[in-house]
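The values are calculated or read from the model by the stated rules, or taken from the named source; none is laboratory data. Quantities reported herein were computed from a predicted structural model and do not represent experimental measurements. All Cβ positions, glycine included, derive from the backbone under ideal geometry; neighbour counts span all protein chains shown. Surface areas here come from the heavy atoms of the whole protein model, side chains and all, with no ligands, DNA or RNA. Shrake-Rupley method; radii C 1.70, N 1.55, O 1.52, S 1.80 Å.
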Amino acid sequence: MPKCQYCSRPAWYRVRTSGEFLCPGHSRIEVRGTLCSSRRPPALQVSAARKADEKVILMMWDRFWDDDEMDCFGSSFKATEVPALLARDGERTVGILSYAVQREEDALNIVSLSVLPEYQGRGAAREMIAALEDEALRLGMGRLIVATSNDNPLALYAYQRLGFRITSIQVGVIEPDRPDEAHHGFAGIPVRDEIQLEKRL
Ligand SMILES: CC(C)(COP(=O)(O)OP(=O)(O)OC[C@H]1O[C@@H](n2cnc3c(N)ncnc32)[C@H](O)[C@@H]1OP(=O)(O)O)[C@@H](O)C(=O)NCCC(=O)NCCS
């Protein structure tokens, strides 16, 4: 598992231009031109997770979220209790999109989306979201919804590049009651607010 180039934490990101691996705390953003996204290695395969994939699902959630439970849109979701799509490179699972079917919201809710840093920038997230759109249409749902946090500029950028728009910002809902328990995310920014987005189909 690649570690951050500046500390011993697991890497979350791979810099597309240099190939550096980074944890959120040591990541920064910079404006660049469009050329980087034009050269892509071969696509990865996306399919629905099966019962036998439970172990790898838990491993992926633990690697990114350090937890098997995720809170978003005011509800809590467990990794093994929601369906998932997996992106694979041959036998290796390299990306996961877990989602909840929320008929009352006319939506599939992306509860967790993550791609191993070695495989980022190869269209795995794009492919998994496209497959989820197909599933939403099959189930007769009109929207995909997703929540990210205020510190996560890459997710906010990626979702908007993939056709989502912001619907609500829940200020302070992720902020702990005590300041000394504050969680610091991307570039050390305190994690405080939930940013909700949707993609209408
Ligand atoms: C966000 C994440 C899922 C993107 O996965 P990915 O497979 O690399 O994404 P794709 O290759 O399909 O690219 C989709 C878009 O993501 C953005 N993106 C992906 N990697 C990027 C990078 N290294 N730098 C900047 N933008 C990047 C781009 O906008 C890209 O579209 P574009 O090239 O047309 O602009 C991945 O970076 C990740 O797992 N991050 C850590 C976990 C996380 O934050 N998840 C979201 C929680 S809400």
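Data table
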{"item": "Top of ILE129, ILE145, ILE166 by mean-square fluctuation, Gaussian network on the chain, Cα under 10 Å", "result": "ILE166"}
{"item": "Translational D in µm²/s for region 42-200 (Stokes-Einstein at 10 °C, 1.306 mPa s, Kirkwood Rh from C-alpha pairs)", "result": "98"}
{"item": "Computed over region 42-200: relative contact order in percent, which uses C-alpha pairs under 8 Å that are six or more apart", "result": "19"}
{"item": "Share of carbon and sulfur in the accessible heavy-atom surface of the chain [1.4 Å probe, %]", "result": "50"}
{"item": "Residues of type lysines that LYS51 reaches as a straight line, Cα spacing below 26 Å, ignoring anything fewer than 8 places off in the same chain", "result": "LYS78"}
{"item": "DSSP loop GluC sites (Glu not before Pro) with at most 14 other Cβ within 10 Å: longest gap in the chain", "result": "92-201"}
{"item": "Probe 1.4 Å, accessible area per residue of region 42-200, Å²", "result": "51"}
{"item": "Kirkwood estimate for region 27-115, i.e. one over the average of 1/r between Cα atoms, Å", "result": "14.8"}
